[in-house]
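Novice: One structure follows; several queries about it will come next.
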Amino acid sequence: MTRFVEQAIARAGLAPILPARERGDLDAVRSLIASLGEIDLLALGAVADAVRTREGGEVVRVHPTASSDVLWVRDAVNELELLRAVAIARITGPTAARIGVDWGEKGFELAQVALGFGATDLTGPITRKSGLLISEDELKKVKGQGMVAASALRRREIAALIRNAGRSCEFVDEAGAGTSISSSEAEAVHA
């Protein structure tokens, strides 16, 4: 965390959060958040991302459907409130809690931004940019690779976007098993 970010967190009154979380004092964290009223969103996001980094690591899990072991943030009025809700869930939630966003409801761009506010998990349909579902047997010709499953190309694109957010990607199947996509695989979609 840079000195500039640390100063912004302190000016917003959020400096005691990280030490309180490290002590496991979630009641102090929750009371601090409740007492501050309208907290600066960027400072709140910086604290939430610091908590996520310390407790949850760099892996983003991408689920085909909303998994029950993840707190899915959904009931936000608008985009900024969704980011605020993700950050507050991360800061006030249990240690290493998994916080998720559904890009099918909110859009992938907002879900990608939510990763910087403490989100660890994403879910949503594998679709074309137009929003139409991609069937599992649909193929697309790719120069130098031949015929490739269109859903695999979209997964690589999603992994590349997650990597561009500074994180690594793991696709989780219905049974909860995960498969990671390497940086080189994610970059291959842009070649």
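Novice: Considering only region 32-62, state which residues are under 24 Å from F108 (Cα atoms), in contact with a Leu (Cβ under 8 Å, 6 or more places away or on another chain) and without any contact (Cβ under 8 Å) to a residue 24 or more places away in the chain.
Specialist: Across region 32-62, there are no qualifying residues.
Novice: Could you give me the residue pairs with C-beta distances under 8 Å whose first residue belongs to region 1-22 and is over 18 Å from E38 (Cα atoms), whose second residue is surrounded by fewer than 18 Cβ atoms within 10 Å (Cβ to Cβ) and of a type in the set (S, T, Y) wherever it lies, and which are 6+ apart or on separate chains?
Specialist: R21/T95
Novice: Something else: Would you kindly identify the helices (runs of 4 or more DSSP H) lying entirely within region 1-85 that contain at least 2 residues that are among the acidic types (D, E), closer than 19 Å to G166 by Cα and under 22 Å from the mean Cα position of the chain (by Cα)?
Specialist: Numbers: elements: 3-11, 17-23, 26-35, 41-56.
Hits in region 1-85: 41-56.
Novice: If you take the residues of region 110-149 that are within 23 Å of the chain's Cα centre (by Cα), among the charged types (D, E, K, R) and at pLDDT below 90, which of them is nearest to V172 (Cα to Cα)?
Specialist: Looking at residues that are within 23 Å of the chain's Cα centre (by Cα), among the charged types (D, E, K, R) and at pLDDT below 90, I get R128.
Novice: If you scan region 146-165, which residues turn out to be farther than 24 Å from I91 by Cα and in contact (Cβ under 8 Å) with a residue 12 or more places away in the chain? Outline the logic, then answer.
Specialist: So the first thing to find is which residues in region 146-165 are farther than 24 Å from I91 by Cα, and the list is 146-161.
Listed by number, the residues that qualify are A149, A150, S151, L153, R154, R155, R156, E157, I158, A159, A160, L161.
Novice: Could you please give the count of residues in region 134-166 that are under 19 Å from E109 (Cβ atoms) and loosely packed, with under 13 Cβ neighbours inside 10 Å?
Specialist: Of the residues in that region, 2 qualify.
The values are calculated or read from the model by the stated rules, or taken from the named source; none is laboratory data. Since the model is a prediction, treat every value here as computed from it, not as a measurement. All Cβ positions, glycine included, derive from the backbone under ideal geometry; neighbour counts span all protein chains shown.
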